[in-house]
Amino acid sequence: MAVAELPLTELPALVALSHRVLIEYCGDGVELESIISAKTGACPEDCAFCSQSVRHSTDIDVHPMVDAEVLVDAAKTTERLGGSHFCIVVAVQGPDKNLFDKVIEGVKAVRANTNVGVACSLGILTKDQAERLVEAGVETYNHNLETSRSFFPEVCTTHTYDDRRNTCIVARDAGMELCSGGIFGMGETVLQRLELAFELRDIGVMEVPLNFLNPRPGTPLGDSAMLDPREAVQTIALFRLVLPSVLLRYAGGREEVLRELQSFGMYAGINGLIVGDYLTTLGRSADDDMQMLEDLGRPVVNHRAHEGIVSFVPGERPRFMAPGAEKPGYLGRDSAAAIPVTPVKVKAND
């Protein structure tokens, strides 16, 4: 892709192009999501960027899975902010039976007490676990590929790139919308960032969280220099060009890496925000984000509030087919949204 070779002095021209693509395919609305670290730390994996690994000497507050009541309270806060989704995140390679059962309990409690969509990020999944999540009402599954296949061995050795990719396919084929992205500034090249973008396109992502390395003391990448904020904006623009119709969501590290260029990144292609804190680092206040969106003239949108809440028909697994797609679970080249092709009930909002 020739635009990847443009010097950073041409960044305004690249952003002008990616902004046109954003407006053409997605409009100017911005969706909000909050996340909760429902189980923090003691993860057996060795991801070089992550302070939650038991293999790294980091200073974080480790805690077991929180109770369902804590999840409900956090989800209600998301709802008050106008967020459309609430994501339950646990630090594990993959959930054991005890942890998974607690997650299912929490999902059901959130769905019973709020109107936010529930997403989960639980690590590597089995087919049976994915199907149980769908039955419980989970709409979206997050499992980040993190980086390109060619760079992944520099980041993690305790599981493979295909382990991650296969979980994405399992979640997608079970009927959940697929959320998968990466973290940038770990030493990868611009072309390797593009490699990740095309991989995400190939597996049919609906949402892509863009994280930027905020080096954590005690991790192998703890002494890394932060990414140039202009490169962060360039990354956003390139992802928007490769993935014109997906939800590109600002995620961890944006405050520290982009600093005064966060608004420029919104122009470059961002149409989703994680509001509030991240897993082990603090985000900026929701008020600051709302002010940024107001200054940009970007409205907060909540498609669940406008179009009803999709609930699953008992005994049926919803599959999603995007216009122009080859089969359910895949995006069409120009698709902006997926439509259900198996029975669902739509519950109108009160």
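Every number here is computed from the coordinates shown, using simple stated rules; none is lab data. Just so we're clear, the structure is a prediction, and the values are computed from it rather than from any experiment. Here Cβ is always computed from backbone atoms with ideal geometry, including for glycine, and neighbour counts include all displayed protein chains.
Tabulated values for the structure
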item: Label point 7 Å beyond Cα of residue 190 along Cβ direction - residues of region 223-254 with amide nitrogen under 14 Å; result: 228-239
item: Region 12-307: antiparallel DSSP beta bridges as a percent of all, rounded to 5; result: 5
item: Region 12-307, relative contact order [Cα under 8 Å, separation at least 6], %; result: 24
item: Computed FRET value (nearest 0.05) for residue 160 with residue 98, which takes r as the C-beta separation and R₀ as 22 Å; result: 0.25
item: Cα→Cβ-extended label distance, 7 Å offset, between residue 23 and residue 113, nm; result: 4.3
item: Sites residue 8 and residue 296, calculated FRET efficiency, Cβ-Cβ separation with R0 35 Å, nearest 0.05; result: 0.95
item: Amide hydrogen neighbours beyond the local backbone of residue 247, cut-off 5 Å, H modeled; result: 207, 208
item: Size of electric dipole in region 12-307: Cβ of Lys, Arg +1 and of Asp, Glu -1, about Cα centre, debye, nearest 20; result: 320
item: Subset of 39/127; 39/102; 76/97 violating a 20 Å alpha-carbon distance limit; result: 39/127; 76/97
item: Residue order, fewest to most beta carbons within 10 Å, for 85, 19; result: 19, 85
item: Per-bin percent of Cα-Cα distances, region 67-184 [10 Å]; result: 14, 44, 31, 11, 0
item: Loop-located chymotrypsin sites (Phe, Trp or Tyr not before Pro) in region 115-171, at most 10 other Cβ atoms within 10 Å (DSSP); result: none
